[in-house]
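One structure below.
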Amino acid sequence: MKNSIFTRTPFFYNMKQVTYFILFIFVVNISCKSTQQKHTNVNKTTTSKTLIKPPYLKKGDTVVIISPAGILFNKKAEIEQAKKLLKSWDLNVILGKNIFNQNNQFAGTDIERASDFQKALDTKNIKAIWCSRGGYGSVRILDKLDFSKFIAHPKWIIGYSDITVFHNQIHNLGIESIHGMMGISLDKNLEYLEENSNSLKNAIFGNQLTYTIKSSNYNKLGEATGQLVGGNLTLLHTMLGSKTTINTDGKILFIEEIGEYAYHIDRMLQSLKRAGYFENCKGIIVGDISNVKKNSTSWGKPMEQLILDIVEEYNFPVLFNFPAGHKEKNLALILGRTVDLKVKKDKSTLLFKK
């Protein structure tokens, strides 16, 4: 009976409340620390000053050509040219099992395309993965891929346009990749075929890349050093808010685009701006912005001015007309590599550090 009365006293009841409250605070504190630690680990990966360089290729290494996105319709001749090019560099070449599959606009089903990519990631003797083309479809298979063996044994992943999805993912894993020509780019009639292929060869074999281009009157002059990140603007915009978006703090952003309305390019850049892409950015390199669609109402300004208006308040250099993207001249860029960017009045340079 004493115990029954005692348990009902206000003092004991209040003490129980205090005890439960202290336990609750203790548990919440441990949980927050755990979450903070996980968040910190992610940031260490995405903002790492030095990314892992996959081993440069050497004679006898194997390259696989796969189709992770759009269909290869009537492109067998181009893929044969791609094989010949790689063999001329004394490399072995294999094709993905499903490279020529057709599933409406895709090169096979999502499962088939992911299967080829996964096998390429997991096979140790494959030293580079060369995407046959972009188009659309990479984002559909990204979350089906397991990069654990790739992290343990990195290899070069090569492509542009829709392949930006993989470049972003790989950057956040702390590994470099190559933005450059793809398998179907081997049209004999291309004016810059030799220059494009030589730049890709230099990138994968470890020769230093340095480019000098004529400066545009729209350039925003200055110098900057930082990791090079980016790719196709639509895909950068698509990745916003996901784990595959990139952190541009202290980095130099490269963008290129094709076949969009001026207002849509403005909208995507405004979205990047609102997401903080330019706040701590060190510089911007603008590649080819080609085949801009005509709207019923003219935008009224050239594309260069559209971009300059968006980044007006930021004090970093902007380089226009860099030859990379969807036009014929498409020079290789090592994404994740630290570069020196010098934007000057007459000529501008981009030097990739070894």
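The values are calculated or read from the model by the stated rules, or taken from the named source; none is laboratory data. Remember, predicted model here, so these are calculated numbers, not experimental data. All Cβ positions, glycine included, derive from the backbone under ideal geometry; neighbour counts span all protein chains shown. Calculation scope for accessible area: heavy atoms of the full protein, side chains included, ligands and nucleic acids excluded. Shrake-Rupley method; radii C 1.70, N 1.55, O 1.52, S 1.80 Å.
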Report task. State whether the range 231-273 is rounded, prolate or oblate according to the following rule on the C-alpha gyration tensor (a ≥ b ≥ c being the square roots of its eigenvalues): a/c under 1.5 gives rounded; otherwise a/b larger than b/c gives prolate, and the remaining case gives oblate. Result -> prolate
Report task. Please find, in a Gaussian network model of the chain (springs between Cα atoms separated by less than 10 Å), the residue of SER215, SER177, SER242 whose mean-square fluctuation is greatest. Result -> SER242
**Report entry** the range 73-174 - convex hull of alpha carbons, volume per residue in Å³
**Finding:** 98
Report summary line: Scoring the range 188-257 by relative contact order with C-alpha pairs under 8 Å, at least six apart, yields a percentage of 30
Query raised in the report: Along the positive direction of the dipole of the chain (beta-carbon charges: Lys, Arg +1; Asp, Glu -1; about the Cα centre), which of ASN198, SER177, PRO323 reaches farthest?
Result: SER177
Query - Rounded to 5, the percent of DSSP beta bridges in the chain classed as antiparallel - result: 40
Report summary line: Carbon/sulfur accessible area of the range 258-354, % of total, 1.4 Å probe, equals 44
Query raised in the report: Counting Lys and Arg as +1 and Asp and Glu as -1, each charge on the Cβ, what is the dipole of the range 253-354 about the Cα centre in debye, to the nearest 20?
Result: 340
Report summary line: Going residue by residue through the range 50-57, the Karplus relation 6.51 cos²θ - 1.76 cosθ + 1.60 with θ = phi - 60° gives ³J(HN,Hα) values, rounded to whole Hz and with x marking Gly or Pro, of 10, 8, 6, 8, x, x, 5, 6
Requested in this report: Could you sort out which of LYS327/LYS347; LYS58/LYS347; LYS53/LYS201; LYS49/LYS353; LYS75/LYS293 sit more than 23 Å apart by Cα distance in this structure?
Outcome: LYS58/LYS347; LYS75/LYS293
Report task. Return the whole-Å distance between the Cα centroid of the range 52-109 and the Cα centroid of the range 244-268. Result -> 27
Report task. Would you please give the residues with an amide H less than 5 Å from that of GLY283, counting only those at least 5 places away or on a separate chain, with H modeled from the backbone geometry? Result -> LEU253
Report task. Report, for the range 198-354, the % of DSSP beta bridges that are antiparallel, rounded to 5. Result -> 50
Report summary line: Under the rule rounded for a/c under 1.5, else prolate if a/b exceeds b/c, else oblate, using alpha carbon gyration tensor axes a ≥ b ≥ c, the range 93-235 is classed as prolate
Report summary line: Residue by residue through the range 64-81, the couplings from Karplus 6.51 cos²θ - 1.76 cosθ + 1.60 with θ = phi - 60°, in Hz, x for Gly and Pro, are 10, 9, 10, 10, x, 9, x, 5, 9, 8, 6, 10, 5, 5, 5, 5, 5, 5
Query raised in the report: Comparing ASN217, ASN172, ASN247, which has the greatest mean-square fluctuation in the GNM of the chain with Cα pairs linked when under 10 Å apart?
Result: ASN217
Query - CD proxy at 222 nm, helix term only [per DSSP H run n ≥ 4: -39500 (n - 2.57); per residue of the chain; nearest 500] - result: -11000 deg cm²/dmol
Query raised in the report: Percent relative contact order of the range 71-214, based on C-alpha pairs within less than 8 angstrom and at least six residues apart?
Result: 22
Report summary line: Nearest 10, in degrees from 0 to 90: the angle of helix 193-205 to the longest Cα principal axis of the chain is 40
Report task. Taking the Cα atoms of the chain, report the difference between the largest and smallest coordinate on each principal axis, in whole Å and largest first. Result -> 100, 48, 44
